[in-house]
1. Express the carbon and sulfur contribution to the solvent-accessible surface of the chain as a percent, rounded to the nearest whole number, probe 1.4 angstrom.
2. Please list, ordered by chain and number, the residues whose modelled amide H lies under 5 Å from the amide H of residue 152; skip anything fewer than 5 residues away on the same chain.
3. Label the range 93-208 by shape, choosing from rounded, prolate and oblate, from the square roots a ≥ b ≥ c of the eigenvalues of the Cα gyration tensor; if a/c is under 1.5 it is rounded, and otherwise prolate applies when a/b is larger than b/c, oblate when it is not.
4. How big is the dipole moment of the chain about its Cα centre under a simple scheme where the beta carbon of each Lys and Arg is +1, that of each Asp and Glu is -1, and everything else is neutral? Debye, nearest 20, please.
5. Could you provide, to the nearest whole Å², the per residue accessible area of the chain with probe 1.4 Å?
6. Which whole-Hz couplings ³J(HN,Hα) result when phi for each residue of the range 127-139 is put into the Karplus expression 6.51 cos²θ - 1.76 cosθ + 1.60, θ = phi - 60°, listed in order with x for Gly and Pro?
7. Angle check, please: helix 210-222 long axis (alpha carbons) against the longest principal axis of the chain (alpha carbons), in degrees 0 to 90, nearest 10.
8. Using a ≥ b ≥ c from the Cα gyration tensor of the range 108-161 (square roots of the eigenvalues), is it rounded, prolate or oblate, where a/c under 1.5 gives rounded and otherwise the larger of a/b and b/c decides, a/b for prolate?
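The values are calculated or read from the model by the stated rules, or taken from the named source; none is laboratory data. Since we're looking at a predicted model, the values are computed, not measured. Note that each Cβ is placed from the backbone with ideal geometry, even for glycine, and that neighbours are counted across all protein chains shown. We work out accessible area using only protein heavy atoms, side chains counted, and drop any ligands, DNA or RNA first. Shrake-Rupley method; radii C 1.70, N 1.55, O 1.52, S 1.80 Å.
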Amino acid sequence: MGFLKKFFRNVFREGSMPPGTSSFEHLSEEELEAHLGVARYGDFLLTEAVRPSYDLQVVPTQGYRHDSYQDEQTNTSVPVLMASVTSEHLFETLMDLLDPLGTVVDVVLETSHSRDNTGHTDLYREHIDVPVLKSILWEFEDLLLNDGCTGLAVLNPAIPQEIQFDEHKLLIVYGEQLEPFEQVLGERNIQRDEQLRFVTEAEHVHSSSDHYARQFDELKTRLGMDCGFM
């Protein structure tokens, strides 16, 4: 496990990994490298941001399902769509999902690049035109797709609805009116599967690098987030 711990510390951030039960625990360096090098599972292609457990507790699969989020402040249940999309179509799907939010939105960048911080840091930007936001995001497509320490949320508080593109590169939509977003998924042949499981529901690992940490700093500057943390 010595090499693996060094590998996680320098390159990866551990995901859901109960102590003493990791499928990575007794791997050789060669076995680990071989597993981390696998990106395609059937028709599904992962980004470089995340890898599933060695024993494939969850096999990456395209699809979406319904869920709900319990808002503790208001004690209300918010409907949720969760989607997993193969990387060949993932970014375009994200861009399409922004359209039902309206023409002006707020944006949040989430980072866990700091190795001294076990949680996340969120940076907030209010009132940005969607075409401007999309243009900036396209410039940073590689970072947003492949960095396992960068997440994005776009929201319209007036509706209210929110789209998250999290560190695992899942697409998560929060809000009462989910039909327009389901239509986007349907148009991209992303099928509904209420039994679908996501990589977040089992052991997994995240990938990042100093290169992506620098790109994240560039992105937050482009979005006017040099100051102001949540």
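1. Values: 5630 of 11560 Å².
With neighbouring chains kept in place, the figure for the chain is 49 percent.
2. 110, 165, 166
3. The shape class here is oblate.
4. 360
5. Numbers: 11560 Å² over 230 residues.
With all protein chains present, the chain gives 50 Å² per residue.
6. Working through the residues one at a time gives 6, 10, 5, 4, x, 5, 4, 4, 4, 5, 4, 4, 5 Hz.
7. The helix 210-222 is inclined about 10 degrees to the chain.
8. oblate
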